[in-house]
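Notes for the one structure printed next.
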Amino acid sequence: MTAVASAEERVVGCLLGGAVGDALGAPVEFLSLAQIREQFGPSGVQHYAPAYGRLGAITDDTQMTLFTAEGLIRGVRRYNQRGICNPVMVLWHAYLRWLGTQGEMRFDPQFPSRHNGWLWEVRQLHQRRNPGDTCLSALRSGVFGTTDEPINDSKGCGGIMRIAPVGLLAIAPFRLGCQVAAITHGHPSGYLAAGFLAHMVSELWRGNDLAAAIASARDELVRWPHHEECLAAVEAAASLAESAEACAESVESLGEGWVAEEALAIALFCALKARDFAHGVLLAVNHSGDSDSTGAITGNLLGARWGRSAIPEAFLRDLELRGVIEQMGRDLCHPEDCEDPHRYPPW
Ligand SMILES: [Mg+2]
């Protein structure tokens with residue numbers, strides 16, 4: 001796994017890796033470890049199993065990740081056109097488009113033409129795949145959450161599971177990751193874990209290794225108020241990775257991953273223990289907790305670290321919306337080329 005992947009390979013690998021982890025975890029998201037072993041054998045899930053009526057189905061994690069990427073590119077286009085842009089506001093609009101794909105067309109006379117761009121036209125995205133209640137209710141409210149004026153006290157993993165693209169494009173990924181997560185999740189651990197992941201992804205696709213990426217993100221984390229809980233989760237994961245076996249019982253000792261700092265801790269442990277992409281991602285989905293989100297975050301990390309060629313072809317072949325995900329990865333690498341205003345309207 002030491003072959004050098006290009007930057008584009010890593011960016012595309014980050015998105016594809018996240019989607020693969022999401023799809024592997026989808027059929028077992030609501031199963032306990034005992035139920036997973038009973039259904040799939042002692043090693044648990046090893047390949048895609050049917051979910052949402054097909055193999056390789058993605059869930060809300062990948063849907064929202066795609067809208068994060070789309071919003072970032074629109075933000076770059078807006079800045080290039082106008083010389084000014086509030087990227088968080090553009091991301092909010094992207095998430096309101098995602099809300100629209102969930103059948104909730106919140107009409108806002110200020111933004112009558114919000115439902116545009118090529119991603120909105122991908123009809124397969126217009127399906128509900130167990131969207132998180134906090135994301136839905138925060139976006140439905142029409143109120144824009146910030147770290148200074150939290151919209152709620154949620155630290156569910158809905159802020160972190162969608163954030164990886166911020167690390168692929170942003171100049172200050174930790175800060176923007178926090179701001180973008182805080183649109184829907186107001187508890188510090190909810191948005192700080194997201195900032196941590198965005199920062200790590202940024203380090204990884206530029207070629208740094210996991211240990212360096214964790215150390216660098218940790219340096220950023222401790223500058224923020226109320227970082228103690230998130231820091232404790234990160235440190236627990238790193239120290240467990242040094243002492244414990246790569247098994248489901250070790251993963252479960254870090255929590256269930258329904259909340260952001262636990263999802264981050266599980267993903268860090270699985271990424272640190274991974275012998276290869278498949279090993280790490282399968283470790284991340286075979287536990288009693290939020291398997292699709294911990295799978296997605298681990299897949300983001302390992303894909304950004306090793307590039308798309310590390311992802312087994314058997315996983316890519318049956319992945320839902322593979323072509324859309326690859327296209328979004330390429331567009332993130334070359335946002336300056338995305339000039340067609342119908343594909344990425346600049347707001
Ligand atoms: Mg999900």
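Just so it is clear, none of the values below were taken in a lab; they were calculated from the coordinates. Nothing here was measured: the structure is a model prediction, and the numbers come from that model. Glycine gets a Cβ as well: all are built from the backbone with ideal geometry, and neighbour counts include every protein chain shown.
Could you tell me which residue of region 287-313 is surrounded by the fewest Cβ atoms within 10 Å (Cβ to Cβ), considering only residues that are more than 16 Å from the ligand (Cβ to nearest atom) and not in a helix (DSSP H, G or I)?
Here the answer is Pro312.
Can you pull out every residue in region 141-186 that is at positive phi and within 16 Å of the ligand (Cβ to nearest atom)?
none
Residue by residue through region 251-271, note down the ones that are closer than 15 Å to Val234 by Cβ, under 18 Å from the mean Cα position of the chain (by Cα) and not acidic (Asp, Glu).
Gly257, Val259, Ala260, Ala263, Leu264, Ala265, Ile266, Ala267, Leu268, Phe269, Cys270, Ala271, listed by residue number.
Using the structure shown, decide if Arg82 is crowded, with 21+ Cβ neighbours inside 10 Å and over 21 Å from the mean Cα position of the chain (by Cα).
no
How many residues are away from the ligand (no atom under 16 Å from the Cβ) and small (Gly, Ala, Ser) if we restrict to region 1-48?
First, pick out the residues of region 1-48 that are away from the ligand (no atom under 16 Å from the Cβ): 1-14, 16, 32-44, 46-47.
If we keep only those that are small (Gly, Ala, Ser) too, we end up with 3, 5-7, 13, 32, 34, 41, 43-44.
So the answer is 10.
Looking at (1) farther than 24 Å from Ala271 by Cα; (2) within 16 Å of the ligand (Cβ to nearest atom); (3) under 16 Å from the mean Cα position of the chain (by Cα), which one does Ala51 not meet, given that it meets all the others?
Answer for Ala51: the failing condition is (3).
Checking the condition surrounded by fewer than 19 Cβ atoms within 10 Å (Cβ to Cβ), among the polar types (S, T, N, Q), within 16 Å of the ligand (Cβ to nearest atom) and touching a residue at least 24 places away in the same chain (Cβ under 8 Å), which residue from Asn130, Asn116 passes?
Asn130
Are there any pairs, at least 6 apart or on different chains, whose C-beta atoms fall under 9 Å, with the first in region 24-52 and within 22 Å of Pro131 (Cα to Cα) and the second surrounded by 21 or more Cβ atoms within 10 Å (Cβ to Cβ) and aromatic (Phe, Trp, Tyr), and if so, which?
As it stands, the answer is Leu24/Tyr48; Leu24/Phe315; Ala26/Tyr48; Pro27/Tyr48; Tyr48/Phe315, since those pairs meet every condition given.
Tell me, please, whether a residue that is in contact (Cβ under 8 Å) with a residue 24 or more places away in the chain and within 16 Å of the ligand (Cβ to nearest atom) can be found in region 221-229.
no
Can you tell me which residue among Glu320, Glu326, Glu229, Glu262 is part of a loop (DSSP other than H, G, I, E, B) and among the acidic types (Asp, Glu)? Before you say what the answer is, go through the steps one by one.
Numbers: Glu326 fails: part of a loop (DSSP other than H, G, I, E, B); Glu229 fails: part of a loop (DSSP other than H, G, I, E, B); Glu262 fails: part of a loop (DSSP other than H, G, I, E, B).
Testing whether each residue is part of a loop (DSSP other than H, G, I, E, B) and among the acidic types (Asp, Glu) leaves just Glu320.
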